[in-house]
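Here's the structure, in structure tokens; my notes come after.
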Amino acid sequence: MQQEKLKKEIFSKVIEYYKKFHKNKNLTKIPYAGRVYDEKEILNLIDASLEFWLTAGRWTLQFEKKLSDFLKIKHSLFVNSGSSANLLAFMTLTSPLLGKRAIKKGDEVITVAACFPTTISPIIQYGAKPVFVDIEIPQYNIDITKLKKAISKKTKAVFLAHTMGNPFDIKSIKEFCEKYNLWLIEDNCDSLGAMYKLNGKWQYTGTFGDIGTSSFYPAHHITTGEGGAVYTNNDLLYKIALSLRDWGRDCYCLPGRDNTCGHRFDKKYGKLPLGYDHKYVYSHFGYNLKATDLQAAIGCAQIDKLPEFIKKRNENWQYLRENLSDLSDILILPDKEKNLKPAWFGFLMTIKNKKIKRDEMIKYLEKNQIQTRMLFAGNIVRQPCFVNASKQKLYRISGNLENTDFVMNNSFWVGVYPGLKKTQIKKIVNKIKIFCRIGIHGHSK
Ligand SMILES: Cc1ncc(COP(=O)(O)O)c(C=O)c1O
């Protein structure tokens, strides 16, 4: 009783603190993204701190369940970042438990070079080979007409992100994967809550492939600070991912539990003595990619807000799309197709008029307190980390990367995150228009 009373007092002080020092913060900058939260996230965090469990515990289980319920998927695993989620998803597909279908060193994985680096890193780190296919503009997703040419005897998987919250052509990719018996990993880090209609049924992105991944870094659709998730409907992939996330262990006891399988001390594993404690049996060369209950507690409050966040993101995107449409002779504006509902991550534009220089436009916007971002790595094979990769034949390009290079040179994006105010979005439109006018007519107003 005394504990509950004290907790209540702490909570009411926290609410007071939130109202005084967090709510209605006025930012001079117009950020490309940011945390959107209220007292609920802070209260959950304080609640989890007072419990002081610290590692993955009841909040983590609750968050995983909430995420699975939202996505309508069987299994979710909370991890410490989106990059860890990609690593875990990819390494899951290398497990010996998958027999012939396991991805081996030297096998190929079809992907795009207009990407975030950690979609690619696990492939290279493991010793498999990314095969880069060009993208389409203005979808900025893989050009599926070029897929077939990319296949080889070594192809084992397709690993793609839904760029900027805009789903790739899931129908074609799925058919391709089924035809050639390939795994499909959906990097859903920038697209949580986007939907796609397949065979007349709407479904969330991240749930079409064998495994999906999320990032909960503050720029994303919901945040836990650092954090990410891996999800799947496949029981075996879940079992492997759980093992790899948790040190490679064979045991699947929930946090703080022992002997869930009822055979903790009576089985034979590998060449270990009979009855070796199952808690210390390792079926994989694993990691520890777990996040903490403190992060999960924030996630539990954030995920309740996700539908509203997506709505806001899409409204902001729509406003920019409508109000910049008269610049379509200068800018290639993003577009969406009928059989999908994006959950926009940002508003990505490509400058097509040679009189307008992308880098000058960005500098102008930044000078006017409007944050801008590139489409991540641009063309990843042109990044310093790839300097020696060509000589070492660490990757393959299928066809050419003409559009990818065009995007690297001419594209940039501004924010649509739910924390933006109408006045800020209006300012983005206004400044882009002014700059385009200066660029075309060569005079300033
Ligand atoms: C498509 C994509 N994948 C993976 C990541 C990595 O996520 P994290 O920053 O949580 O490691 C990001 C990060 O923004 C991303 O945009």
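The values are calculated or read from the model by the stated rules, or taken from the named source; none is laboratory data. Note that this is a predicted model, so its numbers are computed, not measured. As a convention, Cβ positions derive from the backbone with ideal geometry for all residues, glycine included, and neighbour counts pool all protein chains shown. We work out accessible area using only protein heavy atoms, side chains counted, and drop any ligands, DNA or RNA first. Shrake-Rupley method; radii C 1.70, N 1.55, O 1.52, S 1.80 Å.
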Qualifying positions in region 276-303 - in a loop (DSSP other than H, G, I, E, B), out of contact with any helix residue (DSSP H, G or I) (no Cβ under 9 Å at 6 or more places or on another chain) and open to solvent by 20 Å² or more (accessible area, probe 1.4 Å): 276, 277
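Can you tell me which residue is farthest from residue 71 (Cα to Cα) among those in region 338-352 that are open to solvent by 40 Å² or more (accessible area, probe 1.4 Å), part of a loop (DSSP other than H, G, I, E, B) and in contact (Cβ under 8 Å) with a residue 24 or more places away in the chain?
Going through region 338-352, the residues open to solvent by 40 Å² or more (accessible area, probe 1.4 Å) turn out to be 338-339, 341, 352.
Checking which are part of a loop (DSSP other than H, G, I, E, B) leaves us with 338-339, 352.
Imposing the further condition that a residue be in contact (Cβ under 8 Å) with a residue 24 or more places away in the chain reduces the set to 339, 352.
Working: 339: 18, 352: 37 Å.
It comes out as 352.
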Every residue from region 52-83 that is within 22 Å of residue 287 (Cβ to Cβ), of a type in the set (Phe, Trp, Tyr) and either assigned to a helix (DSSP H, G or I) or within 15 Å of the ligand (Cβ to nearest atom) (or both): 59, 63, 78
Any strands (runs of 3 or more DSSP E) falling wholly within region 84-183 and containing at least 3 residues that are open to solvent by 10 Å² or more (accessible area, probe 1.4 Å): 155-161
Number of positions in region 419-444 that are closer than 30 Å to residue 305 by Cα, part of a loop (DSSP other than H, G, I, E, B) and open to solvent by 20 Å² or more (accessible area, probe 1.4 Å): 2
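Let's see how each residue does on (1) on the phi > 0 side of the Ramachandran plot; (2) in contact with a Cys (Cβ under 9 Å, 6 or more places away or on another chain); (3) in contact (Cβ under 8 Å) with a residue 40 or more places away in the chain; (4) within 10 Å of the ligand (Cβ to nearest atom):
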site: 204; (1), (2), (3), (4): no, no, yes, no
site: 214; (1), (2), (3), (4): no, yes, yes, yes
site: 217; (1), (2), (3), (4): no, yes, yes, yes
site: 220; (1), (2), (3), (4): no, yes, yes, yes
site: 223; (1), (2), (3), (4): no, no, yes, yes
site: 227; (1), (2), (3), (4): yes, no, yes, yes
site: 233; (1), (2), (3), (4): no, no, yes, no
site: 237; (1), (2), (3), (4): no, no, yes, no
site: 243; (1), (2), (3), (4): no, yes, yes, no
Failed criterion for residue 87 (all others in (1) within 16 Å of the ligand (Cβ to nearest atom); (2) more than 30 Å from residue 129 (Cα to Cα) hold): (2)
Condition met for residue 338 (farther than 27 Å from residue 217 by Cβ and modelled with pLDDT under 95): yes
